[in-house]
1. Is one or more of the residues making up the stretch 126-141 at pLDDT 95 or above, more than 16 Å from the ligand (Cβ to nearest atom) and small (Gly, Ala, Ser)?
2. Return the residues of the stretch 319-342 that are open to solvent by 60 Å² or more (accessible area, probe 1.4 Å) and either over 16 Å from Gly83 (Cα atoms) or hydroxyl-bearing (Ser, Thr, Tyr) (or both); say none if nothing qualifies.
3. Which condition breaks for Arg241 when tested against (1) under 17 Å from the mean Cα position of the chain (by Cα); (2) closer than 23 Å to Glu67 by Cβ; (3) among the basic types (Lys, Arg)?
4. In the stretch 158-204, what count of residues is obtained for those that are open to solvent by 50 Å² or more (accessible area, probe 1.4 Å), within 16 Å of the ligand (Cβ to nearest atom) and assigned to a helix (DSSP H, G or I)?
5. With the requirement that a residue be closer than 30 Å to Gly230 by Cβ, open to solvent by 10 Å² or more (accessible area, probe 1.4 Å) and among the hydroxyl-bearing types (Ser, Thr, Tyr), what does the stretch 68-122 give you?
6. Looking at this structure, is Arg257 more than 23 Å from Glu68 (Cα to Cα) and open to solvent by 60 Å² or more (accessible area, probe 1.4 Å)?
7. State all residues of the stretch 123-139 that are in a helix (DSSP H, G or I) and crowded, with 16+ Cβ neighbours inside 10 Å; if no residue qualifies, say none.
8. Considering only residues of the stretch 37-89 that are touching a strand residue (DSSP E or B) at 6+ places or on another chain (Cβ under 7 Å), of a type outside the set (Gly, Ala, Ser) and within 13 Å of the ligand (Cβ to nearest atom), which is modelled with the lowest pLDDT?
Amino acid sequence: MKQENRPRIFAADQYSRWRGDRPGIWSLAGADLDAVPALSILTTLWDQPRWLEAYHLYDQRGSELFEEICRLPEYYLTRTENGILEAHAAEIIAAAPVECVVELGAGYSKKTVHLLTEQMRRRGRSLFAPIDVSTAGLLASQEAVRRDFPAIEFHGLHARYEEGFNAIDKNLPTLFVFLGSTIGNFNHTDFPRFFRALSAAMGPDDYLLLGADRVKDVKLLEAAYADSRGVTAQFILNVFRNVNRLLRSNFDLTKMRYHSWFNPDWQQIEMFTVATENQTIRFPDAPASFEWRRDEKILVEISRKFDPLRLQEQLGFFDLTPAAHFADADAWFSVLLFRKRS
Ligand code: AVI
């Protein structure tokens, strides 16, 4: 496609890197999204303690299980954040005069709808660009946006977050939306790396809307990640199906159990699988193997909990200035609006 047909979301120097696979869905030319996962799994499983990067949880089945988690009575995060956005979407959109909404994650949740509804009501038009590694998620989002907001110009970016937000034109006033407290799943290395990269990709008229789960009563926190129906346990164990698929390994889901707790020093829920017997885990393609000893844990996911005021101060070091703070009546969850400092 010629440069003059370049959709407004793309920065001029980025556009040539993207391929329009289907109308409204863009992929990075030459990117193999499955190549890096295999290497990341092996390197972290050989760490001490063994661990996995959280994004491996979201294969087709993992995404379905996560949807189920969001509806669990113990998992207060989704409905609490949704309530905040429903109550304050008009204020958020009024405070962020943008032409484009970029969502990190294939958003077409009820939560995004509140923002898009207000954006259309106030401005009558908008671009919407979700970024996700799942084509299925992007297509579902596209279908829903076409149905409910036919006037919105949709561009789904099939990419990792960083590749996606680096492609957005800095001259296009944009609201970057990162909801669900997904930032809590980033470890202490990925967290500063992510905000450094995002802030560098933002233009002078850009905003960030961030959902962050807060530190609270330990019983409430632990119940949200150890639900009575065992859906969270299935979600965490399912990562080993995905690992087996990617690496032809032999993790046996009947020889492991789920364990989670709130680590007060690190202010985070830690989700592990624990071997229930000694076993040899083989990776025939590597080739490599390790002995997984009975009671040895693998850290599959962390979910950090935040103090919103401290988070606001911290993000100041990434040139993000607090613009507004919305919370629920119980102060369980915060939705924070930041403006890029130019
Ligand atoms: C996606 N993320 C914000 C969830 C969380 O609460 O950390 C993932 C999750 N893992 C188990 N339950 C929910």
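1. Looking for residues that are at pLDDT 95 or above, more than 16 Å from the ligand (Cβ to nearest atom) and small (Gly, Ala, Ser), one finds at least one in the stretch 126-141, hence yes.
2. The first filter runs over the stretch 319-342 and keeps only residues open to solvent by 60 Å² or more (accessible area, probe 1.4 Å), leaving 319, 322, 325, 329-330, 332, 339, 341-342.
Asp319, Pro322, Arg339, Arg341, Ser342, listed by residue number.
3. Of everything listed in (1) under 17 Å from the mean Cα position of the chain (by Cα); (2) closer than 23 Å to Glu67 by Cβ; (3) among the basic types (Lys, Arg), Arg241 misses just condition (1).
4. Residues meeting the conditions: 2.
5. If the condition is that a residue be closer than 30 Å to Gly230 by Cβ, open to solvent by 10 Å² or more (accessible area, probe 1.4 Å) and among the hydroxyl-bearing types (Ser, Thr, Tyr), then Tyr75, Thr78, Thr80, Tyr108, Ser109 are the ones that fit.
6. Details: more than 23 Å from Glu68 (Cα to Cα): no; open to solvent by 60 Å² or more (accessible area, probe 1.4 Å): yes.
No.
7. Quick first cut of the stretch 123-139, residues in a helix (DSSP H, G or I) only: 123, 135-139.
Result: Thr135, Gly137, Leu138, Leu139.
8. Among them, the one singled out is Leu57.
The values are calculated or read from the model by the stated rules, or taken from the named source; none is laboratory data. All of these numbers come straight from a predicted model, not from anything done at the bench. No Cβ is skipped: glycine too gets one built from the backbone with ideal geometry, and neighbour counts run over all protein chains shown. In case anyone asks, the SASA skips ligands and DNA or RNA and just uses the protein heavy atoms, side chains included. Shrake-Rupley method; radii C 1.70, N 1.55, O 1.52, S 1.80 Å.
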